[in-house]
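Trainee: I'd like to ask some things about the structure below.
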Amino acid sequence: MESIVKKCDVLSCIQPSGVVHLGNYFGAIKNWVQLQDTHSCIFGIVDLHAMTEKHDPAELKKHTNQMMIDLITCGIDPQKSTLFVQSLVPEHVELSWILGTLASYGEVSRQAQFKDKSKRKKEEAVSVGLFSYPLLQAADILIYRAKEVPVGQDQKQHLELTRNIAERFNSRYGDFFPIPEPKYSETPKLMSLADPTKKMSKNIGSKHYIGLFETEKSVRKKVAAAMTDSGELKKGEMSPGIKTLFDMLGQTSQQSDYISLLNDHHNGNLKYQHLKEAVANALVELTTEMRQRRAEAEADISLINDSIREMSFHARKLAQETLYEVKQRVGIKNLSHF
Ligand code: AMP
């Protein structure tokens, strides 16, 4: 087999968590949609990562199918990009074993996300899968020889580990992997409306996030209940709650409202009620459009299934080419060696 490994400009993955919230959309997916026009992109739904903590098999299947529909709804376009499901490309796991032989126990156990997550577990045992998660993540990136990886700041340390492993591989077995560069999102990290000191996330409960497909009633209720003031503020200072509301409005198409309300804040005559109304209206417009688009996509579910299967097959071919070359270099057998 001749090495014809293609290069991928951008690689990014998302876990099938069951809910796409505004943090995921504004912080990651919206950016992916734009990148498709300028870069050769591969996106992955990483269902194997969703198994590192105790999970319900039926839910995992459902959430993976849901994420396929949601990403297509958001604008990931099979004509422009490749969107694969991780478990359909088993080469990721094989490569992660090889990469694991290049990583030290110390550096993997120093990963902050592992330390945080394992500390939070009380009765449940901490799995080896949770520990080796960053190695699988390194394989997700390196198997496509990605040059750039759009990530949030929370993934900085994992990407650093991937870069170190790639450098080690190259120096031990000869230059092969591009060293992937992080592409940090310019979007501010969106915080929870109910508690603006916490990152918007599904894990901390439904009042802490707004779903991209949430109903009008629910969106309005959550915005109305959003925390605004928290203690004493100096003149002109913005409380975390108000900042969160502005951050959200700033991401929507309602830029004129955003600018005029921000001016009101600077002039000291911002009415919180007006800000909340503007945020609720902008978010209702977005979520209503997204729900309509998702209903249209769902009507053609067999088309989505066929297309994801085909794209995963394509991703697998690329992954197999990389793995073939890796095996050659590290001295393990490829079938064609017989
Ligand atoms: P997760 O499923 O939490 O790993 O997130 C998937 C993507 O969404 C990652 O690129 C995250 O950086 C991004 N993301 C998740 N939560 C937020 C948030 N609250 N604000 C901005 N981006 C986020």
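The values are calculated or read from the model by the stated rules, or taken from the named source; none is laboratory data. Keep in mind the model is a prediction, meaning the values are calculated, not measured. Reconstructed Cβ throughout: ideal geometry from the backbone, glycine too, with neighbour counts over all protein chains shown. Note: accessible area is taken over every heavy atom of the protein model, side chains too, but ligands, DNA and RNA are not part of it. Shrake-Rupley method; radii C 1.70, N 1.55, O 1.52, S 1.80 Å.
Trainee: Please go through the stretch 18-34 and give me each residue that is open to solvent by 10 Å² or more (accessible area, probe 1.4 Å) and out of contact with any Phe, Trp or Tyr (no Cβ under 6 Å at 6 or more places or on another chain), ordered by number.
Mentor: To start, the set of residues in the stretch 18-34 that are open to solvent by 10 Å² or more (accessible area, probe 1.4 Å) comprises 18-19, 21, 23-25, 27-28, 30-31, 33-34.
Result: Gly18, Val19, Gly23, Asn24, Tyr25, Gly27, Ala28, Lys30, Asn31, Val33, Gln34.
Trainee: Does Arg163 qualify as being at positive phi and either assigned by TED's automatic domain parsing to the domain that holds Glu53 or open to solvent by 30 Å² or more (accessible area, probe 1.4 Å) (or both)? Steps first, please.
Mentor: On the way: at positive phi: no; either assigned by TED's automatic domain parsing to the domain that holds Glu53 or open to solvent by 30 Å² or more (accessible area, probe 1.4 Å) (or both): yes.
It is false that Arg163 is at positive phi and either assigned by TED's automatic domain parsing to the domain that holds Glu53 or open to solvent by 30 Å² or more (accessible area, probe 1.4 Å) (or both).
Trainee: Any idea which of Gln255, Gln273, Gln251 is buried (at least 17 other Cβ atoms within 10 Å of the Cβ) and either more than 30 Å from Gly18 (Cβ to Cβ) or within 12 Å of the ligand (Cβ to nearest atom) (or both)?
Mentor: Gln251
Trainee: Next question, about the same structure. Can you find, within the stretch 141-164, the residue that is nearest to the ligand (Cβ to nearest atom) among those that are of a type in the set (A, V, I, L, M), assigned to a helix (DSSP H, G or I) and more than 16 Å from the chain's Cα centre (by Cα)?
Mentor: Leu161
Trainee: Given the structure, is Asp47 open to solvent by less than 30 Å² (accessible area, probe 1.4 Å), assigned to a loop (DSSP other than H, G, I, E, B), outside the structural domain of Thr215 (by TED's automatic domain parsing) and more than 11 Å from the ligand (Cβ to nearest atom)?
Mentor: yes
Trainee: Can you name the residue in the stretch 183-204 that is out of contact with any strand residue (DSSP E or B) (no Cβ under 8 Å at 6 or more places or on another chain) and of a type in the set (S, T, N, Q) and, of all such residues, is nearest to the ligand (Cβ to nearest atom)?
Mentor: It comes out as Thr187.
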